[in-house]
Each structure stands twice: as structure tokens, then as C-alpha cells.
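Data block below; observations after.
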Amino acid sequence: MFNNRFEKLSFIVEELQLTLYLATHLVDPFVARTLARHILIRSENFIAHARALRRPLLNNGFNIGSYHRTKEIYASSFEEYFKVSRHRLSAHVQDLDFGRRIDLWNDIEVEKSRYLVDGALEIYLSLKHLNIPGYVLYSESSVLVGAQLIKNLHQYQSHALGNARLELASDSLGLARSNTISGLNTTAVHSRAAQLALIRRWIKIQIDLLGQCSSHAGIVRILKARIITDIVSFCDCLVTRQVGGGSQQEMEGLDELIIAAGQSSDAITNFVAVSNFHTLLEDARNVRNVIGAHVEVDDVCTISDLTTLLDDYDLDKTLIFYKLASAAFIKTCRSIIFLSMYAADGQRLSGITSTPSKSVSFLSEQEISAPAPALSHSLSDVESYRTNLGYWIEGDEILKEDARQFFWSAFGHSEIVETIEEVEQLGGGQRFSRHEFRRAHKFIEDFIAGGVVADVFDKVVELILACRSGWPYPLAEILIRNSRSATIPRKWLICRALGEIGSDPHLNVQGFLKTCAKSRVWPVRLQAVLALYKSFIKNEGLFRLNHKGQQKLAYVTFVEPLLSSMSEEQRLICLIAFASIFSGPDHHIFSKAFDQSLSSLQEEIKKSCVKLLSNEDKQSKITTLSQLIRNFDYVGVCVLVSIDLSAQQKLPTLREQLLENCCNRTIVTANHDCAWRHHAMCFLLRGELSVAHEIITWLSSKSPESLDLRILAAEIQVDIAGQKELVRKEVETIRRLFKLAPEFSVRLDNVEEKIN
């Protein structure tokens, strides 16, 4: 009659032992505390089960006086020191005073955790001498004496510490970590958003650890239980849970707090409305309630039943659901300016040195977390250049950012090897300027000149562009010095890069671009013309904005010579590309300085496109064209014209040119979802299905409430060779995650027909 209870107590004791073992072998105190929360949860579970055993033992005549006193001392200690942390930082994530939360967090440390773990083991072992039928002997898990787990933890830690950098932290425990820049979250809506950012961090840590410890069944259970519990907490903080008034779990979710702050929570409410949010959440909550945050006390459920439930639970499916809920949170934060910092949580910061302040150790020492590794070698050392260029070309995103920061500093502060004088003609006079060509510039120049393959050349140009806002003149000079023997594809890329750099006055650049602007090779000519145009917009625009609309050079005077001798088709492509530049991030700021010229440009584009449209339903097409231009969606303009030309079987070269220049982003994609959807359509019209699918999938990930985008991605993917099994799983996922209106069900049915 006692077997089930003893099996549950033994299970809890083992999980306490395993969790403490994990926490004490993790270097980062934040990660250690993230896992040690499970000790608080299982300690409370142990107390509940130990108390539930008392009455049956008494009724069967066992002398349990010592057992009772010991467990109540243990329970009292837990109530006094750990109850709040268990309820508000572990099983749930609930409101706390800002300073109180940090104090409670730092109070989760090794000695207190060991007291709970050892105390539970001592109480359980004390029952052995009573010879109670069904008592389960406790034996230490083999994991605790094996070397493989330590090896896995070392792999996780080496990767995590290798990626340690100063970061922006907007979660509610950011001030409790080293290498962070954080702030206070004191208002209700900020506090809730900070809690959500915190839970996202916990879940990511636990998912990463799960990947390293997947061969250890006991640890997998611990991590699965933690992830499920935290996902439920995340959803409860995101969407207000309907519970009885006065309930311990009663609190306002971010959705209601945003409305109370006078803002829209549509990204959250729309996601909840179209998805099976509550059903999927309750599925996770049911597991959380019996084996996640609790271990079911009722004897009806055996520990075998509970562990089987946890083992069989499809965590991957729940993580897909969580990913959508997390995306709804991020989209909400990005749409509300005072919450935007929470969307940026975890962003690494470059060019800033971290302070020597240290987080409070989980262990007994003063320090655990290693400082950010220093990769900034000597700014004039060639070997340092080679190392960091290797990081840029072959490293992950973190190493690439370190390399970019290194070269940014080297381009500005390495040893000067040459001084270049530039003479600018100013009407009746001249203006002289001096530019420093440094050792870092010379290294990149020589590296390219030494002969590199196309992919490496492209990445070096990307590095130059990533540093272009610092010292544009010498960066442009590097490209010019390597342009003389450049192949056609490299000339195309050099022209494009020079336009983005915008170095002016720069006679060498101007001479090269003007020569290329007369090239018989149309792609090179187009990029050269656009580079000259971008440079003009940037430099003339700055002058106009700083001089209250005064002009150094009239727009028409500069632009018309660029377009001379072009065919009508080439002129239209140029005009659309010109207009699209103002919708991009680098030149949008100058649109006001050219508002009249831009209006004339848009009108000319409209007239030229109208001439190309067929007479069938022409007025509707003109209306759509006007809307696209008004929304600065010039990629959409190209899609509209291309589809119409294809239907007419007319001007195939123009159609192909429009699509190609949208795909390579010569025609800039505006920064809104509709324009990016049209960008994907360009690839689709060219038969490049994989790229189109990638773009639509990315758009869908940003808008979890958009079932249309998710199904569109499946409709594209089903036509990609070898993807049908993935599409089958995606269709199943969509049907499980979302409430399907009839039109969406029909579309999914059509996708399934193609699979079968």
C-alpha cells in the first residue's frame, strides 16, 4: 500500500540530487540558478508527499515521531526561506518588488540548495529502519558517477563562454548578471514585459542544455519539466488567464496591461484569436500540473504513469507553439516604442568595454562568470588582420561582429602608411582635403590584389560596407585600386559598393563610375549610374538639409545626363530604382530634401507603367499601381508590370530585367511586409522556389497571427523537389496550431493533394 508513495519520494530525491549536481558543475551563476529553481520546486513536492505519508503510517502503527519532527523542521525552513522564490520565480513567474526579486534570485545559492537536497535525502533514508513494506531503497544515479555528463556540460560551457560578450539586458534580472547593460522595470507593463524577456532566456538556456544532455534520461526529464513549466508561465504572463478572483494565480497579462497603457495589443489578441492557443496551453498545463511544477499526490497515478506521460510528451510540438507565442510578444514590443527595448533583449553590444562588476556566485567563491574574451589584437599587426579577417569570412555571427569591430578600430587608428590629398573645385576656387590611408586599408588592398575567389571577394566587400559609416574615403580607395583589372562581375559589385559608401568628393571614384556609366554591359552601367545617383542624393541631400533647402546642384541637371542615350526600357528600370532608393534605410532621411523631384519621379514611373499595361481591367490595375507607388512599394510595381507583360507575351527582356533587379535588390525593397511579400513573388516568378519559400517563412515567423503567410509557405514548398515529407509535417502542424476558416482548409487540402 506504500509502494506508490515511496516510489514518488525516491523519484523526487533523485531529481534533487541530479539538479544539484548539474547546478554545481555549471560555470555561469545565472545558468546554475536557472536550473536550481527545480530544487525549490521538487523540495515543495517532497514536503507534500512526505506529509501525505504520515497519516497512513500512523494508522498502520509505525512510530514516526522522529520522522514527523524532522520533516516539519525541513518544511518550516522551506516556508521561511524558499516559498516565495518557489512560487514567483520557479513554478510561476509573478510580480515582485524589483529589488526583492534580485535578492531572492541571488539567495538561490549552493549551500541553501544543498541543505534542501541533503535534507530530503536524510528524511527519506530515515524511514529505512522502520521496515515499512514497499520501501524503495535509494541508490545514487549512475549519472552522478559518470564522466560523460561532465564532458557534455564542458561542451555547453565552452560554447557559452566563447560567445560571452557585453549585451543589452531588458529582462527583470539583468542587473544580476555580469557583462550586461540593463535598466529598471518599475511600471506594471514594463515589469510584465521584463518577466517575459526573462522567461525567454530561461527557456533558451534549458533548450541548449537539453541538446547537450539528451543521452541522460533523468536529466532530460528535469529539463523537459522545466521547459514545459516555463512555457506555461510565459503564456500566463502574455495573455491574461481567467481564474477565480483572489486566486494565487490571478494577474494581468501583458495584453491587458498594454491596453491599460493606451496602446494596442492586436499582435497578441489576433494570434490568440486565430490559433488554438488555449487548447494547446492547457495540454502543456496538464503535464505541468502533475509532473512539472508538481508531482501528483493522488495514489491513482503511479510514478511510472507520470514519467511515461513526461517521456511521451512531444516537446517539439510545444516548442513550435511557444515559438509562435514568443513571436507575438516580440512583434508587440516592436510595435510599441516604449516596449521596443524588450525586443532587443540579448543583443550584443560592440565598441563598449564591460565594467569589472561581477554577478553573485551560485557557489561559495566571489566570481564565476568569465569576462568577455578579448579579440582586439594589435591594430597594426598583420597577423591580427589575418586572424580577424578569417573570423569575418568563416566565423559565426558573434565572431563576425568581433571582427567587424576590430577592423572598424583598425581603419581609424592603425598606423598611417600614406596620405592622400583631394582637390575639390568650387566655382572660382578650390578646397583641399587630406585622407589617411592606414595599414589596415593597405592590408585589405593587398589581400584582394593577391587574388581571391569570388565568394571571398564578396565577403571582403561586405566587411568594407559594414564599416562604411566611419571613414568612407579610404574604404572607397581600396576598391578603386582593385578595380583596374576587375572582371565584369567584380566591376558590378564594386560599383554597387561605391554607391553605398558614397565617398564624395573623390575624383578617382567619380572617374571610375563615370567610365562605367558608359559601359556597353548594361548591368555594370546600371550599377554605376545608381552609384552616382546615391552619392548625389546623400551628399546633396545633406547640404540641402543643413542649409534650409539651398541647392548646390539641381536634381534635373544631375540626373538627366545619367539617363541620356538609354532606351525606354532601360530608363524605366533606372527610374524605378531611383525612386526605390528613397524607401531604403540609408537614403530615406533625404526624401524630404527632394520631395518635389520625388513626386515628379513617381508620376513619370506611373505614366510609363500605364503605357505597358494591357487594356483588360486596366482601370483596376492603374488603381493598384497608384497604391503601390503611394506605399513606396516599387518591387510591387515591378511584379504588377511583369505579370501583365507575361500575360501579353510582350517585352520579355524588360520583364526579366525588372524581376532580376528586384531579386538582387538593385530595386530596393521597402521596409514593410507587403513589399517583402512582393520580393518573394519576384523569385517565384523566376522559378527560384527555395528563395521565395525562405522569404515567406521569415515573414510568417514575424507575424504569427498570419495563417495566410504560413499556408503560402507550404504552397510554395510543396513544389520544391524532395520537400514533400516536410510539407506533410507542416500541414499537420498548421491544422494543430490554428483554427481554420473554410478557405484555408481548402488551400491545405490542395497542398495535401499535391503531396499524395
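I need every pair where a residue in segment 331-345 that is in the same structural domain as Ser191 (by TED's automatic domain parsing) and in a loop (DSSP other than H, G, I, E, B) has its Cβ under 6 Å from the Cβ of a residue that is modelled with pLDDT of 95 or more and not small (Gly, Ala, Ser), sequence separation at least 6 or different chains.
Taking only residues 6 or more apart or on different chains, the pairs are Ile336/Gln263.
Taking the condition of being at pLDDT below 90 and either in contact with a Ser or Thr (Cβ under 7 Å, 6 or more places away or on another chain) or surrounded by 15 or more Cβ atoms within 10 Å (Cβ to Cβ) (or both), how many residues in segment 427-451 meet it?
Looking only at that region, the number is 0.
Counting residues that are farther than 26 Å from Arg37 by Cβ and touching a residue at least 60 places away in the same chain (Cβ under 8 Å), which helices (runs of 4 or more DSSP H) fully inside segment 238-293 reach at least 2?
Values: elements: 254-260, 266-274, 277-287.
Hits in segment 238-293: 254-260, 266-274.
So which helices (runs of 4 or more DSSP H) are wholly in segment 500-577 and hold at least 2 residues that are free of Cβ contacts under 8 Å to residues at least 40 places away in the same chain, farther than 20 Å from Arg431 by Cβ and over 37 Å from the mean Cα position of the chain (by Cα)? Walk me through it before giving the result.
Details: elements: 507-516, 522-546, 555-563.
Counting at least 2 such residues, we get 507-516, 555-563.
Conditions (1) at pLDDT 95 or above; (2) charged (D, E, K, R); (3) surrounded by fewer than 22 Cβ atoms within 10 Å (Cβ to Cβ); (4) not assigned by TED's automatic domain parsing to the domain that holds Lys534, marked per residue:
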{"position": "Ser642", "(1), (2), (3), (4)": "yes, no, no, yes"}
{"position": "Arg665", "(1), (2), (3), (4)": "yes, yes, yes, yes"}
{"position": "Val668", "(1), (2), (3), (4)": "yes, no, no, yes"}
{"position": "Cys674", "(1), (2), (3), (4)": "yes, no, yes, yes"}
{"position": "Leu685", "(1), (2), (3), (4)": "yes, no, yes, yes"}
{"position": "Ile696", "(1), (2), (3), (4)": "yes, no, no, yes"}
{"position": "Leu699", "(1), (2), (3), (4)": "yes, no, yes, yes"}
{"position": "Glu715", "(1), (2), (3), (4)": "yes, yes, yes, yes"}
{"position": "Val718", "(1), (2), (3), (4)": "yes, no, no, yes"}
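Just to verify a result, which residue in segment 355-394, among those that are at pLDDT below 90 and under 23 Å from the mean Cα position of the chain (by Cα), is nearest to Asp28 (Cα to Cα)? Please lay out each step first, then the result.
Of the residues in segment 355-394, the ones at pLDDT below 90 are 355-381.
From what's left, under 23 Å from the mean Cα position of the chain (by Cα): 372-373.
Numbers: Ala372: 13, Pro373: 15 Å.
Taking the candidates together, the pick is Ala372.
Go over the candidates Ser113, Ser66 one by one and state the one that is modelled with pLDDT of 90 or more and surrounded by 18 or more Cβ atoms within 10 Å (Cβ to Cβ). Full working, then the answer.
On the way: Ser66 fails: surrounded by 18 or more Cβ atoms within 10 Å (Cβ to Cβ).
Unique residue meeting the criteria: Ser113.
Just the residues that are surrounded by 13 or more Cβ atoms within 10 Å (Cβ to Cβ) and over 41 Å from the mean Cα position of the chain (by Cα), please, taken from segment 123-143.
Step one: filter segment 123-143 for residues surrounded by 13 or more Cβ atoms within 10 Å (Cβ to Cβ), giving 123-124, 126-127, 130, 132, 135-136, 138, 141, 143.
Of everything in segment 123-143, those that are surrounded by 13 or more Cβ atoms within 10 Å (Cβ to Cβ) and over 41 Å from the mean Cα position of the chain (by Cα) turn out to be Ile123, Tyr124, Ser126, Leu127, Leu130, Ile132, Tyr135, Val136, Tyr138.
Restricting segment 76-98 to residues that are hydroxyl-bearing (Ser, Thr, Tyr) and in a helix (DSSP H, G or I), which is surrounded by the fewest Cβ atoms within 10 Å (Cβ to Cβ)? Outline the logic, then answer.
The first filter runs over segment 76-98 and keeps only residues hydroxyl-bearing (Ser, Thr, Tyr), leaving 76-77, 81, 85, 90.
Going one step further and asking which of them are in a helix (DSSP H, G or I), we end up with 76-77, 81, 85.
On the way: Ser76: 11, Ser77: 15, Tyr81: 15, Ser85: 23.
That would be Ser76.
Can you find, within segment 503-543, the residue that is farthest from Val668 (Cα to Cα) among those that are of a type in the set (S, T, N, Q) and surrounded by 22 or more Cβ atoms within 10 Å (Cβ to Cβ)? First the steps, then the outcome.
The initial filter retains those residues of segment 503-543 that are of a type in the set (S, T, N, Q), namely 503, 508, 510, 515, 519, 527, 535, 539.
Next, from what is left, pick out any that are surrounded by 22 or more Cβ atoms within 10 Å (Cβ to Cβ): 503, 527, 535.
Details: Ser503: 20, Gln527: 13, Ser535: 16 Å.
So the residue we want is Ser503.
Let me spell it out: the conditions are (1) within 20 Å of the chain's Cα centre (by Cα); (2) surrounded by 22 or more Cβ atoms within 10 Å (Cβ to Cβ), and Arg165 meets all of them except one. Which number is the exception?
Of (1) within 20 Å of the chain's Cα centre (by Cα); (2) surrounded by 22 or more Cβ atoms within 10 Å (Cβ to Cβ), only one is false for Arg165: (2).
So the check is Cβ under 7 Å with 6+ separation or different chains; which pairs have a first residue in segment 486-499 that's β-branched (Val, Ile, Thr) and a second one that's modelled with pLDDT under 95 and not in a helix (DSSP H, G or I)?
These pairs meet every condition: Ile494/Ser483; Ile494/Ala486.
The values are calculated or read from the model by the stated rules, or taken from the named source; none is laboratory data. Every value quoted in this text rests on a predicted model; they were computed, and no experiment measured them. Neighbour counts run over all protein chains shown; Cβ positions are idealised from the backbone, glycine included.
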